[in-house]
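The values are calculated or read from the model by the stated rules, or taken from the named source; none is laboratory data. In this text the structure is predicted, and so the values were computed from the model without any measurement. Every residue, glycine among them, receives a Cβ derived from its backbone with ideal geometry; neighbour counts consider all protein chains shown.
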Amino acid sequence: MFSGIVGRGEIVEIRKTAMGLQLRIQSLWEDWQLGESVAVDGVCLTVVAFQGTTWVCDVSPETERLTRINDYYPGISVNLERALRFNDRIGGHWVLGHVDQTVHISKQQAIDAFIEMHFQGVHASNQLFLVSKGSVAVNGVSLTVNRVWEGGFSVMLVPHTQQQTNLSTLQHQDRVNLELDWMARLIAQQCRHYFSQAPMESANRL
């Protein structure tokens, strides 16, 4: 579990292995533990080796398919977040590290010190979970949804987010990882289940 409050790291090396991809990543931390979880651009990955501030993780074919990891190259900036501890503050919102899909940047506009970013390509099946003033994770960064329209949405980047994340380094049409609010997804699933059972239960009571 993560909160969407990230720091920045850098991809050092990308290797093809028999199991898939393997990434070596430079970060600011040294106190690693084998098996711990780290969100890389919002993707939950596992530390399998480390040396100093550099650590290694494996990437499955499914993760390659669903995320922007295939866009990586040595030297690219990535957002990093270590898993929450029970006594940590949740500065953003609960983020699972399970990316739903990628979307692309369709517009970037500076408004004073802020940057408004528009994203396009939201699948129809995911549209329901985007709500104006709700939460969303973009490349692992917890953000507030500004506006929503068919197939897309916008967010506003404050100066601190611009400085601390890789979002301000991205260009028009670049892909980003999108994780929707899992609580909204869970509530929707429970509602679908409840209302699909309701007619049958009513009939049984007759």
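Among the residues of the range 1-41, which ones are under 20 Å from the mean Cα position of the chain (by Cα) and among the hydroxyl-bearing types (Ser, Thr, Tyr)?
3, 27, 37
Which residue is surrounded by the fewest Cβ atoms within 10 Å (Cβ to Cβ), if the candidates are limited to the range 109-140 and must be under 13 Å from residue 156 (Cβ atoms) and touching an Asp or Glu at 6+ places or on another chain (Cβ under 9 Å)?
Checking each candidate, the answer is 110.
Being over 20 Å from residue 180 (Cβ atoms), touching a residue at least 40 places away in the same chain (Cβ under 8 Å) and among the β-branched types (Val, Ile, Thr) narrows it down to one residue among 115, 69, 105, 90; which is it?
115
Select from the range 75-98 the residues that are over 19 Å from residue 47 (Cβ atoms) and at pLDDT 95 or above and list them in ascending order.
Matches in the range 75-98: 75, 76, 77.
Residue under question is residue 70, and the condition is that it be out of contact with any Ser or Thr (no Cβ under 7 Å at 6 or more places or on another chain) and of a type in the set (S, T, N, Q); does it hold?
Yes: the conditions hold for residue 70.
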